[in-house]
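Remarks on the structure that follows.
The values are calculated or read from the model by the stated rules, or taken from the named source; none is laboratory data. Because the structure is a prediction, the values reported are computed rather than measured. Neighbour counts are summed over all protein chains in view; Cβ atoms, including those assigned to glycine, are modelled from backbone coordinates with ideal geometry. We work out accessible area using only protein heavy atoms, side chains counted, and drop any ligands, DNA or RNA first. Shrake-Rupley method; radii C 1.70, N 1.55, O 1.52, S 1.80 Å.
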Amino acid sequence: MNKNSSNTMALAPNTSNKRETVCIFGTGDFGRALGQKMIQSGYSVVYGSRSTQMSNLIPKDAEVLGHAEAAQKAAIIIIAIQRQHYNFLTPLAEVLRGKVLVDISNNLKLNQYPESNAEYLAQLLPGSKVVKAFNTVSAWALQSGTLDASRQVFVCGDDVEAKQMVMNIVRALGLTPLDKGSLLAAQEIENYPLQLFPMWKFPIFLSLGLTAFFFLYCLALDVIYTYIYENNNFSFFIAITIPNRVCPVMALILLALVYLPGIFAAIIQLYRGTKYRRFPDWLDKWMLCRKQLGLIALAFASLHAVFTLVTPLRAFVSWRTSKGIISQALNNKTEPLNNTNAWLSDSYLALGILGYFLFVLLGITSLPSVSNNVNWREFRFVNLGYLALIFCTAHTLVYGGKWFLSPSAYKWYLPNIYILSLIIPCAVLVVKFVLIFPCVDKPLTKIRQGWERKPKYSE
């Protein structure tokens, strides 16, 4: 007799105990893969098909019958066919009455039909209990054991008991069910596999736009201006110098944009005196994509670190260093160490290293595998976002502060790129500093705990 360990993981279900019979309509790639996975998990599987002849592609332990005969053998029927072929189910309405029908279909484009496929199926067969599930899982994921794919399965349906039966199957397959509510959520679930990084669209477009702007801004001041007025050809700055200026600027601005919507939200709540009103749509969308903005900022900061590390290898830097040494030798004069510059240099490097360390720590805590294993207090302890913003802002201030009052830094009367990069971060830090004053923080905390200045309903 086999002994089953009490701590057996969901990914290795117990196959020694046979489960109920499940019927699958459709013998395509997904229907076959799902059937094979169910057989491995202890289920008896019967396929309903137009052709009852066994094929080498059908799992060997499965049974193939006609649709009506197969449906009579199971309480749960998985509809693994496309919507355009649903009409063949209408003559089977009496056989399918009271059965749980699991719709797993997807469409070719977003909102292809007025109603979801699951709702359409429920209209065709009003006597059946329709549940939407499995449409976000691929046949490849089932065949590969889901080791390299998402294990999350969205489930929705109007019948609670039917939905629970489907979720039990999901768990038995080693997947994680996520209850999305009634069948009205089916449209959203069906659109989900068709969306291309929905939460990344705004951060990516914003990053591309700002990167193009700052790149052209640096190109105008560092290459074009120098060529016109100083007759120096510094076009090679395009390869390393300009990207190494744009990357830290983008990292700092995007990091500030991660925390700016929180500032707006606090101001709006203080102004309204309540937390029970929706934020404007633009603020809602902004707050939902803060994680993506932060990860893109971390990518820019990492590029800045790499560009900085290769700086000593550049021919321009070697030429400039050797030129200084030769100049001192010809003039028989050694430049003394400037302690002020040495302090500034070490300070901005130290601040940059600390800021980047906290940046990486923020990136690590954003990983689901990490954030899901820490409680809220632990997450707050390691999530030192504002401290990272302070260090990165100080790093830029120490490095680029010398250009604030230097007239030569304002080419074509335009400020240096580092001056522009400090506007948003400094504004965020100043307002945040005001918000932590007790006279502001206490009422804001009370509002976020449910207190209202003018309650809508008073006792």
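In Å², what does the accessible area per residue of the chain work out to with a 1.4 Å probe? Could you put the intermediate results ahead of the total?
Numbers: 26880 Å² over 459 residues.
With the other protein chains kept in place, the chain gives 59 Å² per residue.
List the residues, sorted by chain then number, that are 5 or more residues from Val102 or on another chain and whose placed amide H is less than 5 Å from its amide H.
For Val102, the qualifying residues are Ile77, Ile78, Ile79, Val131.
Determine the sum of side-chain charges near Arg97: Lys and Arg each +1, Asp and Glu each -1, restricted to other residues whose C-beta is under 14 angstrom from that of Arg97. Can you show the working numbers first?
Details: positive: Lys99, Lys129; negative: Glu94, Asp159.
Neighbourhood net charge equals 0.
Could you check the spin-label model distance between Arg448 and Ala315? Points 7 Å from the Cα along Cα→Cβ, value in nm.
5.5 nm
Give the peptides 249-261, 440-452 in descending order of average Cβ contacts within 10 Å, highest first. Display every interim value, and only then the final one.
Numbers: 249-261: 23.5, 440-452: 13.2.
Going from most to least packed, we get 249-261, 440-452.
Could you point to the residue in Met199, Cys156, Gly209 farthest towards the positive end of the range 155-217's charge dipole, with +1 and -1 charges on the Cβ of Lys/Arg and Asp/Glu respectively?
Gly209
For the range 270-365, with the dipole built from +1 on Lys and Arg beta-carbon atoms and -1 on Asp and Glu ones, taken about the Cα centre, which of Ala342, Pro280, Ser302 lies farthest toward the positive end?
Pro280
Can you give the net charge of the other residues whose Cβ lies under 13 Å from the Cβ of Tyr217, counting K and R as +1 and D and E as -1?
On the way: positive: Arg245, Lys411; negative: Asp222.
Around Tyr217, the surrounding residues sum to +1.
Thr340: net charge of surrounding residues, Cβ under 12 Å, Lys/Arg +1, Asp/Glu -1, itself excluded? Display every interim value, and only then the final one.
Values: positive: Lys402; negative: Asp346.
Net of charged neighbours comes to 0.
Projected onto the charge dipole of the range 200-449 (+1 at Lys/Arg Cβ, -1 at Asp/Glu Cβ, origin at the Cα centre), which of Thr226, Val317, Ile390 gives the Cα projection farthest towards the positive end?
Sorting the options by dipole projection puts first Ile390.
As a check on your grasp of the helix formula, calculate [θ] at 222 nm for the chain: sum -39500 (n - 2.57) over DSSP H runs of n ≥ 4, divide by the residue count, round to the nearest 500.
Working: 20 runs with 235 residues, N = 459.
So the calculated ellipticity at 222 nm is -16000 deg cm²/dmol.
What's the FRET efficiency of Ala93 with Thr21 using the Cβ-Cβ distance as r and R₀ = 30 Å, to the nearest 0.05? Mind dumping the intermediate values first?
On the way: r = 21 Å, r/R0 = 0.70.
For Ala93 and Thr21, the calculated efficiency is 0.90.
Note the angle between two axes, namely the Cα long axis of helix 315-330 and the longest principal axis of the Cα atoms of the chain, as a number of degrees from 0 to 90, rounded to the nearest 10.
20 degrees
So how do 410-421, 21-32 stack up, highest first, on mean other-Cβ count within 10 Å? Intermediate values should be presented prior to the final figure.
Values: 410-421: 15.8, 21-32: 21.6.
Answer by packing, highest mean first, reads 21-32, 410-421.
Run through the DSSP bridge list for the chain and note the antiparallel percent, rounded to the nearest 5. Numbers along the way, then the final one.
On the way: 3 of 27 bridges.
Roughly 10 percent of the DSSP beta bridges within the chain come out antiparallel.
Mind pulling the angle between the C-alpha long axis of helix 339-365 and the longest principal axis of the chain? Nearest 10 degrees, somewhere in 0 to 90.
On a 0 to 90 degree scale, this one is about 0.
What angle do you read, to the nearest 10 degrees and between 0 and 90, between the alpha-carbon axis of helix 438-448 and the longest principal axis of the chain?
Helix 438-448 and the main axis of the chain meet at about 10 degrees.
Specify the inter-centroid distance of the range 255-294 and the range 422-440, based on alpha-carbon positions, in whole Å.
When both Cα centres are located, 15 Å separates them.
On the protein heavy atoms, probe 1.4 angstrom, tell me the percent of accessible surface of the chain carried by carbon and sulfur.
Details: 16270 of 26880 Å².
Percent of accessible area from carbon and sulfur atoms in the chain: 61.
Using mean Cβ contacts within 10 Å as the protection proxy, how do 205-213, 34-42, 160-168 order, highest first?
Packing order, densest peptide first, comes out as 34-42, 160-168, 205-213.
In terms of modelled amide H atoms, which long-range or inter-chain residues lie less than 5 Å from the amide H of Ser128?
So Ser128 has HN proximity to Gly98.
Tabulate in residue order the Karplus-calculated ³J(HN,Hα) for the range 252-260, using 6.51 cos²θ - 1.76 cosθ + 1.60 with θ = phi - 60°, rounded to whole Hz; enter x for Gly and Pro.
5, 5, 5, 5, 5, 5, 5, 9, 5
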